[in-house]
Amino acid sequence: SQPAATPEQAPAASGGSDWKDLITGELIGEETKKIKNRLTDSLSSVGKYNGNYKDGIQVDGAVLAALAQVLHQHPDSLSWKPDAPTVRDLSSELAKKAKGLGQASYDPSKEVFVKLEGVLSGNKPPGLEEAPPQLPFGEFASRMALMKRMQKSFDFMKSNIQNDAAFKKEAETIQHEAAMLATLTKVTGAKEYPGGDEDEYQQFIKDLVKASVEAVEASKADEFPKFQDAITRVQKLCDACHQAYRFGDG
């Protein structure tokens, strides 16, 4: 018979809603602030927008949309949690509006962001459409955009954490980035993404979530060799998954 899943393994399945095992509400709040600050800067002028819409606004919009739905399913709370579905839909809309260069794309993107900023700061604009409580992740968050953010988490840990001194100094950032990696990996394991219902893909997701969680735990326990082992496994899993699956923009 199969041994019972340990607590570390339990959240690794991409089904269910064990978000609390991967990320805290506080960390979702921190990431949201970072995204909001970047978006404020990226949408401060047409020039800034032009330089940031593709790898900045589109990615931040998709990530914030995913995190909003995660928060809605999470036991922890933030001030905007009651409006999380609205944040999700506005963030997703922003990612879609930011689709080309110039004023014609900047203006509608800025308009959506002003509404989004209002909801996040507790000044919900009147007349917003009622947002459904849950939607399939694949309907509102581009997997390609989420994977770009996952890549940033991995690159930070791979490139910047080369020795024990850096590992200790950057503990807080490591725990933030590894938790983001675990959470967004689980999101990209949603069955509605192309290939998402295949057993091989689900196994990659499960193993990658587990390795990411172990990177968080290694940092909390101050065990650098275990962290290095977890990051090596993350890299191997990402490489193997990308060889097995060639994703488009789904």
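Can you give me the Cα centroid spacing of the stretch 54-76 and the stretch 129-185 in angstrom?
11
Return the calculated 222 nm mean residue ellipticity for the chain, to the nearest 500 deg cm²/dmol, obtained by summing -39500 (n - 2.57) across DSSP H runs with n ≥ 4 and dividing by the residue count. Could the numbers behind the result be given before it?
Details: 11 runs with 161 residues, N = 250.
For the chain, the value works out to -21000 deg cm²/dmol.
Just how many % of Cα pairs in the stretch 106-217 lie over 24 Å apart, if you round to the nearest whole percent? Numbers along the way, then the final one.
Details: 2815 of 6216 pairs.
When all Cα pairs of the stretch 106-217 are counted, 45 percent exceed 24 Å.
In the chain, what percent of the accessible surface is made up of carbon and sulfur (1.4 Å probe, ligands and nucleic acids excluded)? Before the final figure, lay out each step's value.
Numbers: 6070 of 12100 Å².
After summing per-atom areas, the C and S share lands at 50 percent.
Taking θ as phi - 60°, what are the ³J(HN,Hα) couplings along the stretch 23-38 by the Karplus curve (6.51, -1.76, 1.60), each to the nearest whole Hz, with x for Gly and Pro?
Those phi angles translate into 8, 9, x, 4, 5, 4, x, 4, 5, 4, 4, 4, 4, 4, 5, 5 Hz.
Extension gain residue 103-residue 235, at 0.36 nm per residue separation less the Cα-Cα distance, in nm?
Working: separation 132, 0.36 × 132 = 47.52 nm, distance 3.95 nm.
The residue 103-residue 235 span can extend by a further 43.6 nm.
Considering only protein heavy atoms, what per residue accessible area in square angstrom results for the chain with a 1.4 angstrom probe? Walk me through the numbers on the way to the answer.
On the way: 12100 Å² over 250 residues.
Value for the chain: 48 Å² per residue.
What's the extension gain from residue 172 to residue 18 if we count 0.36 nm per residue and subtract their Cα-Cα distance?
Details: separation 154, 0.36 × 154 = 55.44 nm, distance 2.20 nm.
Roughly 53.2 nm would be gained on extension.
Kirkwood Rh over alpha-carbon pairs of the stretch 120-181, then Stokes-Einstein at 4 °C and 1.567 mPa s: what D in µm² s⁻¹, rounded to an integer?
Values: Rh = 14.8 Å.
D = 88 µm²/s.
The values are calculated or read from the model by the stated rules, or taken from the named source; none is laboratory data. Worth saying up front: this structure is predicted, and the values here are computed from it rather than measured. These area figures cover heavy atoms from the full protein model, side chains too; ligands, DNA and RNA do not enter into them. Shrake-Rupley method; radii C 1.70, N 1.55, O 1.52, S 1.80 Å.
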